[in-house]
Amino acid sequence: MTVSFILNGEDVSAEAEAGERLSSLLSSRFGLRGARGDCLSGLCGRCIVLLGGKPVNSCLVPAFRVQGAEIVTIEGFGRTDDYRDIMAGFRKAGFEPCGFCDSARVLVASAIMEEDPRPDDSLIVERMSAISCRCTQPSALIAGVRAAAEIRERRVFGHAGA
Amino acid sequence: MPEHDVFVPSGVVEILAVMKQHPDSLLVAGATSIMASATGRSAALSPVVVSLERAQELKAISRTDRFVEFGAMTTLSELLSLRKGTVPSILKERAAGIGTFTVRNLATLGGALSCATRFRDVFAPLACLDALAEFRTPQGSSWVNVNRLAGENGRPVIRPGSLLTRIRIPADEWDFAISRRYGLDGYESERNAVLSCVCRMNKHTISEIRIAEAGAELVRSREAETMLIGRKLPLAERDKDAALEAYAGRCAALGLSGVRTARFLGVLRTLFECLDRGEE
């Protein structure tokens, strides 16, 4: 079947099997390798992309489900101000995710800040637990996301909260 | 590349029309079960696939004084985002335990009730809350207690030719509500199960109790529940033994293995102890 959707802001279409994983479609047809489908069962979280603005495991999304949908991968998200805020926050807190989980961490961080501009520790830890990578300590994750949220708040509203 | 006919109807009437035209079609809600159980880069699907994604009627959530009602396509994340008190805590607790939040953004409540191989984690709380499921066919609709989605052998029963559209959960108040999952975390196994219990008390006497265990099979015994109603808390040992005996009989009737029965009865004994102490 031909699936047409919006990928990183551009209208695209591709030939795919109806049951083909979105992670496979993105890497094989569009050369986007930021979403790495490793476990193929939604357990590792390294293939996270934004589907209609919500983070989902692209390995669990069949191709027919993306017909007409909007997909943002780390390659597209990397062009946004939110990406720069998140990276600045991570750097400020000394948080460096590894090469396996970095794209997923960034997209989940953006979803956390979308959900709550001043996220508390439990929300950060719960949401980040969608990615099973042991490269970092929860305390570093919390510091990184909080710093990113502060930077984003300052940019959007001109001030950071108490 | 295998060819599939994929239908994406925008409403229930359209879905039913496609189902009538293609009786062997595969209805897909969140697709998480199908994709997670597949190996390789794509999942094997039926030649005709019906995606329920665009049917807005299946995504509605409504609430009255007597019940809360979910469209079958309500995602688990949407269910969890409802404010406190809207959804019974035992259901929320189990929904929160399913996958990660990125999986819950895809997985739906209707999908969790439509699994043919086993009962998903939200089933036991729904069963002991006596939730109702609405099924639509071209001829009309019917509301079915979710406990009737288990066959005589306790295994899931799929209703061919009908579409699960809504799930209605009575807004009853309970004095005691508990739900625990046991087995292998994160993996689908015959050994995984959820035990849920709700209880209403009047001056330390049980006035209503419902207990359901769901895994590969659903275990619920009205006989044992009736035996417990009217008993004072803490339960006397003979009352516990009598209830456990009734549950053992139910397990035998379902043909459950000795190991499975022994584990269930062990967890049930612990549940009775929690009930005695009022510890949820």
Would you confirm whether or not the stretch B:185-193 contains a residue that is in contact (Cβ under 8 Å) with a residue 24 or more places away in the chain and touching a Pro at 6+ places or on another chain (Cβ under 8 Å)? no
Verdict on residue B:42 being within 22 Å of residue B:160 (Cβ to Cβ) and either open to solvent by less than 40 Å² (accessible area, probe 1.4 Å) or hydroxyl-bearing (Ser, Thr, Tyr) (or both): no
Looking for whichever is modelled with pLDDT of 95 or more, surrounded by 24 or more Cβ atoms within 10 Å (Cβ to Cβ) and aliphatic (A, V, I, L, M) here; the options are A:60, A:51. Which one fits? A:60
For the stretch B:81-112, enumerate the residues that are open to solvent by less than 20 Å² (accessible area, probe 1.4 Å) and in a helix (DSSP H, G or I). B:90, B:91, B:95, B:101, B:102, B:103, B:104, B:109, B:110, B:112
Condition first: touching an Asp or Glu at 6+ places or on another chain (Cβ under 9 Å) and free of Cβ contacts under 8 Å to residues at least 40 places away in the same chain. Now tell me which residues in the stretch A:1-22 satisfy that. A:2
Can you tell me which residue within the stretch A:15-30, out of those that are over 17 Å from the mean Cα position of the chain (by Cα) and open to solvent by 10 Å² or more (accessible area, probe 1.4 Å), is nearest to the other protein chains (Cβ to nearest Cβ)? A:17
Suppose we filter B:69, B:3 for residues that are charged (D, E, K, R) and at the interface with another protein chain (Cβ under 10 Å from one of its Cβ atoms); which single one remains? B:3
Could you go through the stretch B:21-29 and let me know if any residue there is facing chain A (nearest Cβ under 7 Å), farther than 18 Å from residue B:141 by Cα, of a type in the set (Ser, Thr, Tyr) and open to solvent by less than 50 Å² (accessible area, probe 1.4 Å). no
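The values are calculated or read from the model by the stated rules, or taken from the named source; none is laboratory data. Just so it is clear, the structure is predicted and the values come from calculations on it, not from any experiment. A quick note on method: Cβ atoms are made from the backbone with ideal geometry, for glycine too, and the neighbour counts reach across all protein chains shown. Surface accessibility is based on the protein's heavy atoms, side chains included, excluding ligands, DNA and RNA. Shrake-Rupley method; radii C 1.70, N 1.55, O 1.52, S 1.80 Å.
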